[in-house]
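**Q** Mind having a look at this structure? Questions to follow.
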Amino acid sequence: MSHPPSAPVSDAGEASATDGALGRKRGSGVRVVYDTLRDEILDLVLPPGSPIDEVQLAERFGMSRTPIREALVRLAGEGLVETLPNRASMVANIDFLNLHHFFDAITLMYRLTNRLAAQNRTAGDLAAIRACQSDFAAAVAAQDALAMIATNRAFHAAIANAAGNPYYTGLFLRVLDEGRRLLRLYYQSYDDRLPQRYVDEHQAIIAAIDARDVEAADRLGRGHADQIVRQIQHFFATDRRIDIPL
C-alpha cells in the first residue's frame, strides 16, 4: 500500500523514533516498504534488472530514506535486490543460464527433507505441516499467486523443520527464497489457476510422512520437483510472438 508524499525529513528526523508526516514508527515504515517492494518484485511488477531509486521511493511512501534503505537491505539479504558499486540498487536478475543448478538443488532438497521428515516427524510437526497445507489450499482456491508463493514456502519449511536438521533447513529456505520468482512464473503459466492435482500432491506427501514411508516420501518429493521443472521449462519454450500484419 502506498502513501501520499510528505514534506522532506531532516537528518535529525531520520534518527528519531518516528518517520513521515503520519507519525509512523520507523520499524513500521520499514515493514510497509519491505512488504510492498517484496510483493512487487515477486509479482514481477518490478522486473529483474530494473533500477530502484531511493529518492522516488521516499516520495512515494512519504518517509525519509532511512527506512527505505533498511527495507532494501532486507530485500538484498533475500536475494531480491542487488546493491551496485555506486551504492545504487536494482531488482536482482534471475540467472536463467544456470537454472539447471537451481533445479538440481530444489529437487535434492525436496527429496532429502521429505525423507528425513518421514523418519523424524512428531505429532506436532504433522499438525504444523497440515496447517500450512490448509493455507496453501485456500490460496490456490482464491487464485492468489503471492499467497500461493508464501504458503508453499511455509509448507516446505514445515517439512524441513520436521526433518530435524537445521543446516538442511537453512539451505532449503535459501533455495526456496531464490526460487520465488520462478514459482511466480510457474503459477502464471496456469493463469494463476493451479490444477487441483498439484494441491493433492502436497496431501500425498503429508500421508507418506505421516505413515513414516521414507521411500514414498522421497519418490513424491522427486515427482513434485519434476513437474514444476517441466512446467517452467515449457513456459520458457512457448512461442509468444504476435503475428503483426505489415
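**Q** Could you tell me the center-to-center distance, by alpha carbons, between the stretch 169-190 and the stretch 50-105 in angstrom?
**A** So the two Cα centres are separated by 17 Å.
**Q** Of Leu185, Ile149, Ser50, which is farthest along the charge dipole of the chain in the positive direction, counting Lys and Arg as +1 and Asp and Glu as -1 at C-beta?
**A** Ile149
**Q** Here's another thing I want to ask about it. I want to make sure I understand the PRE zone here: with the label point 7 angstrom from the Cα of Leu108 toward its beta carbon, which residues in the stretch 152-166 have backbone N atoms less than 19 Å away?
**A** 157, 160-161, 163-166
**Q** If you average over every viewing direction, what projected area does the convex hull of the Cα atoms of the stretch 102-163 give, in nm²?
**A** 4.2 nm²
**Q** Work out from phi, with θ = phi - 60° and the Karplus expression 6.51 cos²θ - 1.76 cosθ + 1.60, the ³J(HN,Hα) of each residue of the stretch 221-238, listed in order in whole Hz, and give x for Gly and Pro.
**A** Taking θ as phi minus 60°, the curve returns x, 5, x, 5, 5, 4, 5, 5, 4, 4, 5, 5, 4, 5, 4, 5, 7, 5 Hz for the stretch 221-238.
**Q** Assigning unit charges at the beta carbon (Lys, Arg +1; Asp, Glu -1) and nothing else, what dipole magnitude in debye, to the nearest 20, does the stretch 93-135 show about its Cα centre?
**A** It comes to approximately 240 debye.
**Q** Principal axis extents for the stretch 131-198, Cα atoms only, whole Å, descending order, please.
**A** 35, 24, 18
**Q** Where Rh denotes the Kirkwood radius from the mean inverse Cα pair distance, what is Rg over Rh for the stretch 56-172?
**A** 1.07
**Q** Where does the stretch 72-130 land on Rg/Rh, using Cα atoms and the Kirkwood Rh?
**A** 1.20
**Q** Putting +1 on Lys and Arg Cβ atoms and -1 on Asp and Glu Cβ atoms, find which of Thr169, Ala76, Phe235 reaches farthest to the positive end of the dipole of the chain.
**A** Selected residue: Thr169.
**Q** Convert 20 °C to kelvin, take the viscosity as 1.002 mPa s, use the Kirkwood radius over C-alpha pairs of the chain as Rh, and evaluate the Stokes-Einstein diffusion coefficient in µm²/s, rounded to a whole number.
**A** In µm²/s, the coefficient is 108.
**Q** Taking the 0 to 90 degree range and rounding to the nearest ten, how far is the long axis of helix 99-120 tilted relative to the main principal axis of the chain, both from C-alpha atoms?
**A** 60 degrees
**Q** Fewest first, what order do Ser64, Ser28 take by the number of other Cβ atoms within 10 Å?
**A** Starting with the residue having the fewest Cβ neighbours, the order is Ser28, Ser64.
**Q** Sorting Val140, Val229 on the 10 Å Cβ count, fewest up front, what's the list?
**A** Lowest count first: Val229, Val140.
None of the figures in this text is laboratory data; all of them are computed from the coordinates on show. All of these numbers come straight from a predicted model, not from anything done at the bench. All Cβ positions, even for glycine, are placed from backbone atoms using ideal geometry, and neighbour counts span all protein chains on display.
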